[in-house]
Amino acid sequence: MISFYPGPSRVHSKAPQYFKEAYQSGILSINHRSDEFAKLYKDTVAQIRQKLKVPTSYRVLFTSSATENWEILAQSLTEKASVHIYSGAFGEKWFNYAKHIHRGCKNFIFQPNEVLDLKSFKLPASPEMICLTHNETSNGTALSKRILKELRVKYSSSLICVDATSSLGGIKLDFKLADAWYASVQKCLGLPAGMGLLICSPKLVGAASKIGESGRYNSFNFMAMNSEKWQTPFTPNVSNIYMLKRVLEDSDPIDKVEKKIFERYEGWVKVFKKTKKFSLFIENDLARSKTVIAVQGKKQDITKLKKDARKNNFLLGSGYGELKSTTFRIANFPALKDREVSGLQKFFLNNYS
Ligand SMILES: *Cc1c(COP(=O)(O)O)cnc(C)c1O
């Protein structure tokens with residue numbers, strides 16, 4: 001079965017080989033206070049910087065998930081309240097976790113088919129932290145570079161934090177436009193679940209130290225202090241760190257990966273202009289995600305389609321949250337192979353157009 005689920009998603013086909021390498025070389029059993037681990041951490045970060053074009057001044061922390069990053073940003077980097085701007089379920093979840101810690105957090109909601117326009121909101125003058133979902137996996141939308149730039153210029157003193165869980169590794173991100181970027185590895189990075197990345201600007205590291213929150217196993221300052229010695233507070237997911245390093249070593253630079261993702265995306269747009277019972281959920285192409293394609297249709301048609309697809313060895317992603325039965329989703333992630341993508345596209349064209 002080929003998984004087109006947008007997370008957990010198709011794992012790189014070389015993952016078993018990388019895992020075996022890690023086992024045979026003894027990496028799976030190394031101590032996380034050892035020099036071997038420090039080297040692995042350092043080499044992995046070097047790959048992240050080189051392949052994903054992360055600035056050298058930005059620090060990379062290993063966490064357990066994107067969800068943990070929501071909590072870390074709320075507990076360790078917010079003194080009073082964060083501002084959350086979103087159009088879908090993941091942005092909302094982040095807001096809810098943050099609100100649990102700081103009652104004054106505020107949310108600003110825009111419609112999935114709408115391009116985020118700051119003029120339509122009355123944001124506070126200079127919020128402590130602005131929280132954005134770069135790629136909203138639940139409804140298949142994404143933020144443009146333009147809006148990220150606008151926010152960076154207009155809110156230069158705020159911390160800008162971006163959930164890039166389903167775009168990091170597939171889309172070229174301009175890291176300088178925000179202070180925290182994070183993801184978990186089972187989406188666009190094509191690895192087994194169980195690890196998150198938190199990529200932080202020097203400004204974010206400085207802000208955390210000024211706030212001084214400490215005492216938790218995942219207090220940002222504690223994690224940052226450990227990372228200075230290429231260590232982690234707790235025994236980390238060494239197998240995933242190793243596989244991430246290997247995937248990146250074997251992968252093209254992000255510009256080239258992004259080009260492939262864009263080409264495949266254009267292919268999907270063409271397919272869903274031809275299908276009769278199904279159409280793109282996001283009509284506005286300026287608001288549409290390139291890495292998660294959300295498609296709408298009648299509930300009974302989608303149920304039949306998913307069954308049909310399964311018979312042909314394709315696993316489609318269900319809709320998410322309130323869109324569960326009226327949409328389905330297709331991952332457009334780098335670990336998918338050309339022939340798998342064209343196979344599913346042909347399946348749609350042959351049976352549904
Ligand atoms: C999947 C996802 C998450 C949650 O990831 P976990 O690894 O389960 O914590 C958060 N944000 C977005 C945008 C996601 O797609």
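The values are calculated or read from the model by the stated rules, or taken from the named source; none is laboratory data. Just so it is clear, the model here is predicted, and its values are computed rather than measured. Methodologically, a virtual Cβ is constructed for each residue, glycine included, from the backbone with ideal geometry; neighbour enumeration extends over all protein chains shown.
Brief remarks on what is shown
- Taking region 169-187 as the range and being touching a Leu at 6+ places or on another chain (Cβ under 6 Å), part of a loop (DSSP other than H, G, I, E, B) and under 20 Å from SER138 (Cβ atoms) as the test, the residues that pass are GLY169, VAL185.
- Test: residue in region 130-141 that is more than 14 Å from the ligand (Cβ to nearest atom) and touching a residue at least 24 places away in the same chain (Cβ under 8 Å): yes
- In region 161-179, the residue that is surrounded by the fewest Cβ atoms within 10 Å (Cβ to Cβ) out of those that are under 12 Å from the mean Cα position of the chain (by Cα) and hydrophobic (A, V, I, L, M, F, W, C) is ILE171.
Yes/no per residue for (1) surrounded by fewer than 22 Cβ atoms within 10 Å (Cβ to Cβ); (2) at pLDDT below 95; (3) hydrophobic (A, V, I, L, M, F, W, C):
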{"position": "TYR41", "(1), (2), (3)": "no, no, no"}
{"position": "ARG49", "(1), (2), (3)": "yes, no, no"}
{"position": "GLN75", "(1), (2), (3)": "yes, no, no"}
{"position": "GLY88", "(1), (2), (3)": "no, no, no"}
{"position": "PHE95", "(1), (2), (3)": "no, no, yes"}
{"position": "LYS99", "(1), (2), (3)": "yes, no, no"}
{"position": "HIS102", "(1), (2), (3)": "yes, no, no"}
{"position": "ASN107", "(1), (2), (3)": "yes, no, no"}
{"position": "ASN113", "(1), (2), (3)": "yes, no, no"}
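- Unique residue being more than 16 Å from the ligand (Cβ to nearest atom), at pLDDT below 95 and farther than 20 Å from ALA287 by Cβ when the list is ALA208, ALA125: ALA125
- Residues of region 247-305 classified as within 20 Å of the chain's Cα centre (by Cα) and of a type in the set (S, T, N, Q), total: 3
- For SER166, the test of being of a type in the set (S, T, N, Q) and either part of a strand (DSSP E or B) or more than 16 Å from the ligand (Cβ to nearest atom) (or both) is failed.
- Where a residue in region 154-172 is at positive phi and its partner, wherever it lies, is part of a strand (DSSP E or B) and within 12 Å of the ligand (Cβ to nearest atom), with Cβ under 8 Å and at least six apart: GLY169/ALA183
- Test for GLU258: is it at pLDDT 95 or above, among the acidic types (Asp, Glu) and outside any helix (DSSP H, G or I): no
- If you go through region 262-283 and keep only what is in a loop (DSSP other than H, G, I, E, B) and surrounded by 14 or more Cβ atoms within 10 Å (Cβ to Cβ), you end up with THR275, LYS277, PHE278, PHE281, ILE282.
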